[in-house]
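The values are calculated or read from the model by the stated rules, or taken from the named source; none is laboratory data. Bear in mind that the values here come from a model prediction, so they are computed numbers and not experimental data. All Cβ positions, glycine included, derive from the backbone under ideal geometry; neighbour counts span all protein chains shown.
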Amino acid sequence: MVGSGPAGSSAAETLVKAGIETYLFERKLDNAKPCGGAIPLCMVSEFELPPEIVDRRVRKMKMISPSNVEVDINLINEGEYIGMCRREVLDGFLRQRAARLGAQLINGTVYALELPQTSGAPYTLHYADHSNGNSVGENKSLQVDLVIGADGANSRVAKAIEAGDYNYAIAFQERIRLPADKMAYYQDLAEMYVGDDVSPDFYAWVFPKYDHVAVGTGTMKVNKMRIKDLQAGIRARAAERIAGGQIIKVEAHPIPEHPRPVRVRGRVALVGDAAGTVTKSSGEGIYFAAKSARMCAETIVETSNSGQRIPSEADLKLYLKRWDKRYGTTYLVLDLLQRVFYRSDATREAFVEMCSDKDVQRLTFDSYLYKTVVPANPLVQMKITAKTFGSLLRGHALAP
């Protein structure tokens, strides 16, 4: 397992529970990936996350249009919430749990994957071992039967198997510690801003964490000066609410925009950001990273008879077949939503207006919280469709 974020750790946990010898590589054990840190309710139960992992239980959302029209979206069912986490806390918990269960955690940087020269021969991982506290590390190698690449958007495992490139966005955020009265405003509230001033093709956010807020933006138009301008845009839009705040950390990270051309080759499988499992429109990646890895590991357990035989490429591709069948439509729909609603300020105004509809809100929350699209009855579906076109027409968003 190369990489021990939610993907790598979840795969490792599944494998060691089945009695399969598992190595879990992590370059930086205190790594804090730049990330909005929102997780759906279903992840808390499905991945057995303890309450202390969730900093804030968000039950209120504000969608804010380019003209600063605000739409409040509130959860009404008791017990429902969007979890807000710090990645260093979440990742550390999942990593240590996998290690306690038997995964052999190695603090090391994998810098090369040597492919086997003959069928059935092992793969060789070359890595710098940092367990002695040295950042340079001691060069070592390890032979393995299977490799799961969970090493993010810049995956070295993906490069080694020539998995191809993909477009990626940049997420940039500042962690800002607010005065007590300002922080109280974000007690259980998160904000999403849309507009060309904060992102030409995505959205910006203010998400509450333990003792600060994460204020950030994302865009596919990767340009250092442009990112700075967009971050200045979200800071300006949220200025009154974050006044007096102190920046405690600045972070940036690439986010894949679509799946890699190749996600399995030989006895190597890619999961999470390395595979490109981040969704369009919402930019969600944590749950789908962990879920893709767990499904991959479950397929390995099944096809190897709990480690009694070495799975083949065809066996590993079964994981992709199951993944695409389960979530393929979700990715297509979210891609369409992003293309339609994030292309201009007119369409963004229409999008925010549409979000004021209670049926749209309920369907959206059900889909996000539980990762299952609850079929609305035909009348509700017709209403949502009419509402969508009405919003687009009123905003002149359908004009060429």
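Worth a mention:
- Count of residues meeting criterion [part of a loop (DSSP other than H, G, I, E, B) and either among the charged types (D, E, K, R) or under 15 Å from V271 (Cα atoms) (or both)] in segment 129-177: 14
- Looking only at segment 275-295, residues that are more than 10 Å from the chain's Cα centre (by Cα) and either in a helix (DSSP H, G or I) or closer than 12 Å to G5 by Cα (or both) come to 6 in all.
- Contacts under 8 angstrom Cβ, first residue in segment 336-364 being over 22 Å from T217 (Cα atoms), partner modelled with pLDDT under 85 and in a loop (DSSP other than H, G, I, E, B), 6 or more apart: D359/A376; L363/V373; L363/V374; L363/A376
- Looking only at segment 246-259, residues that are within 23 Å of D315 (Cα to Cα) and either in a strand (DSSP E or B) or modelled with pLDDT of 95 or more (or both) come to 0 in all.
- V271 surrounded by 24 or more Cβ atoms within 10 Å (Cβ to Cβ), modelled with pLDDT of 95 or more and not assigned by TED's automatic domain parsing to the domain that holds D197: yes
- Where strands (runs of 3 or more DSSP E) fall wholly inside segment 15-121, the ranges with 3 or more residues that are over 22 Å from the mean Cα position of the chain (by Cα) are 70-74, 104-114.
- In segment 12-26, the residues that are surrounded by fewer than 20 Cβ atoms within 10 Å (Cβ to Cβ), out of contact with any helix residue (DSSP H, G or I) (no Cβ under 7 Å at 6 or more places or on another chain) and of a type outside the set (G, A, S): E21, Y23
- In a residue-by-residue description of segment 276-289, the property of being of a type in the set (F, W, Y) and surrounded by fewer than 20 Cβ atoms within 10 Å (Cβ to Cβ) applies to no position.
- Scanning segment 225-239 for residues that are at pLDDT below 95 and under 22 Å from the mean Cα position of the chain (by Cα) turns up at least one hit.
- Criterion: of a type in the set (D, E) and touching a Phe, Trp or Tyr at 6+ places or on another chain (Cβ under 9 Å) - qualifying residue of E353, E251: E251
- Residue, nearest to the chain's Cα centre (by Cα), within segment 179-204, restricted to residues that are over 16 Å from A236 (Cβ atoms) and surrounded by 22 or more Cβ atoms within 10 Å (Cβ to Cβ): F202
- Out of C35, C42, sole residue that is touching a Lys or Arg at 6+ places or on another chain (Cβ under 6 Å) and within 15 Å of Y370 (Cα to Cα): C42
- Of the residues making up segment 82-98, those that are surrounded by fewer than 19 Cβ atoms within 10 Å (Cβ to Cβ) and either at positive phi or of a type in the set (A, V, I, L, M, F, W, C) (or both) number 2.
- Residues that are among the hydroxyl-bearing types (S, T, Y) and touching a residue at least 12 places away in the same chain (Cβ under 8 Å), drawn from segment 40-76: S65, S67
- Residues considered: A214, A171. Of these, the only one that is touching a His at 6+ places or on another chain (Cβ under 8 Å), under 28 Å from G233 (Cα atoms) and buried (at least 23 other Cβ atoms within 10 Å of the Cβ) is A171.
- Qualifying residue in segment 348-366 (condition: within 30 Å of S9 (Cα to Cα), β-branched (V, I, T), modelled with pLDDT under 80 and within 26 Å of the chain's Cα centre (by Cα)): yes
- Matching residues in segment 228-243 - criterion: being touching a residue at least 40 places away in the same chain (Cβ under 8 Å) and surrounded by fewer than 19 Cβ atoms within 10 Å (Cβ to Cβ): R241, A243
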